[in-house]
Amino acid sequence: MGAQNSAIIVVMNELDEINEYLELGRINRLVIARKSDHGMVLASKREKEVLLPNAYVTDTMKEGDELEVFVYTDSEDRIVATTQKPLAMLGELAMMEVAGTTPYGAFVDWGLPKDLFVPKMFQKEPMRAGETHLVYVAYDKKTDRLVGTQKFEKLLERPEGSLKRNQEVELYLYDKTDLGYKTIVDNRFDGLVFHSEVFTPLSVGDRAKGYVKQVREDGKIDLLLRPIGKKSDEIAAKKVMDYLQNHKGMMPLNYKSDPERIKALLGLSRKNFKRALTKLIDAEKIEVKESGTYLKGNGKKIGKKDER
């Protein structure tokens, strides 16, 4: 899989302080200390140095410039820098194609010249060349290098009070179970979106915005795909109005409609749909009849009150 790599932008005067130390597997802000025959030597604040090979050096780079680079180990396990960004950094997940295998493990393409090694013991099932798998980038203390693993759930952090109810978070759906979709939250935590909370099509590998419902005692997070409370009602009301305005002011649903029909047409739960109808009736936007729901008057979208 030929991953498209984008060069990390070189910023001259707007970066924060450079790194105190080199951070393997992450983006580092470093300063060009000097030029060598093999490339540019970059240094951290504590003067720890790393080579940026000639392949990534441009004519505009000069001593004293600050660069953002990704730091990892090359094919000879030497720490090096690159202006390319991998599909996933330390503590992140991505779908990666298997480039080759050995008796000890597999190599996956993570977007850099050196493939990422996934030891056999870190595979859930034997990997084969050409297959695509979800891989988590981890640090192996025994070898002092980055490795890939499919067994990452125990490596995820506990929120420890860092997440609040109804807080917006980024989700990565990595597995589907009988309960719902297992999810990585903000690339750090373990969460679950229950099937009963899903009202739009989802697939493993999808990224989405979510909202914290609760953090359980085991540190796992129950998630929603829409916010709790007033904001959720506004989103539901907007979906109803959008449907009406796109279907000549008529919707074949009312308070008595089947939950599955509501879900199919609007992607809403029956409870949220009924609350939206009540909100829109109170705002004199719609009228609900036995035959369905209709726009009332000019059918303006719900939002801020008209300024008079």
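The values are calculated or read from the model by the stated rules, or taken from the named source; none is laboratory data. No experiment lies behind these values; they were computed from the predicted model shown. When we count neighbours, we look across all protein chains shown, and the Cβ atoms used for this are built from the backbone with ideal geometry, even at glycine.
Out of all the residues in region 160-173, is one or more surrounded by 17 or more Cβ atoms within 10 Å (Cβ to Cβ), under 18 Å from the mean Cα position of the chain (by Cα) and in a loop (DSSP other than H, G, I, E, B)?
Of region 160-173, the ones surrounded by 17 or more Cβ atoms within 10 Å (Cβ to Cβ) are 163, 169, 171-173.
If we keep only those that are under 18 Å from the mean Cα position of the chain (by Cα) too, we end up with 163, 169, 171-173.
With in a loop (DSSP other than H, G, I, E, B) added as a condition, the list becomes 163.
Scanning region 160-173, I find at least one residue that is surrounded by 17 or more Cβ atoms within 10 Å (Cβ to Cβ), under 18 Å from the mean Cα position of the chain (by Cα) and in a loop (DSSP other than H, G, I, E, B), so the answer is yes.
Can you list the strands (runs of 3 or more DSSP E) found entirely within region 71-145 that contain at least 2 residues being among the aromatic types (Phe, Trp, Tyr)? Walk me through how you get there before you give the answer.
Working: elements: 79-82, 93-102, 105-109, 116-119, 132-140.
Hits in region 71-145: 132-140.
Do you know which of the residues in region 220-257 that are free of Cβ contacts under 8 Å to residues at least 12 places away in the same chain and in a loop (DSSP other than H, G, I, E, B) is nearest to Tyr172 (Cα to Cα)?
Among those residues, the one meeting the criterion is His247.
Has region 38-57 got at least one residue that is at pLDDT 90 or above, in a strand (DSSP E or B) and among the charged types (D, E, K, R)?
Yes, some residue in region 38-57 is at pLDDT 90 or above, in a strand (DSSP E or B) and among the charged types (D, E, K, R).
Test of understanding: among Asp258, Asp242, Asp233, which residue is acidic (Asp, Glu) and under 27 Å from the mean Cα position of the chain (by Cα)? If you could, list the steps in order and put the result at the bottom.
On the way: Asp258 fails: under 27 Å from the mean Cα position of the chain (by Cα); Asp242 fails: under 27 Å from the mean Cα position of the chain (by Cα).
Going through Asp258, Asp242, Asp233 in turn, the sole match is Asp233.
Of all residues in region 77-105 being buried (at least 20 other Cβ atoms within 10 Å of the Cβ) and in contact with a helix residue (DSSP H, G or I) (Cβ under 9 Å, 6 or more places away or on another chain), which is farthest from Val118 (Cα to Cα)?
Step by step, filter region 77-105, then rank; the result is Thr83.
Select from region 53-76 the residues that are surrounded by 11 or more Cβ atoms within 10 Å (Cβ to Cβ) and under 22 Å from Phe117 (Cα atoms) and list them in ascending order.
Those that are surrounded by 11 or more Cβ atoms within 10 Å (Cβ to Cβ) and under 22 Å from Phe117 (Cα atoms): Pro53, Val69, Phe70, Val71, Tyr72, Thr73, Asp74.
Could you tell me how many of the residues in region 271-308 are at pLDDT 85 or above and touching a Lys or Arg at 6+ places or on another chain (Cβ under 8 Å)?
Of the residues in that region, 6 qualify.
Is there any pair with a first residue in region 58-76 that is at pLDDT 90 or above and a second that is of a type in the set (Asp, Glu) and part of a loop (DSSP other than H, G, I, E, B) whose Cβ atoms are under 8 Å apart and which are 6 or more apart or on different chains, and what are they?
If the second residue must be of a type in the set (Asp, Glu) and part of a loop (DSSP other than H, G, I, E, B), the pairs left are Val71/Glu23.
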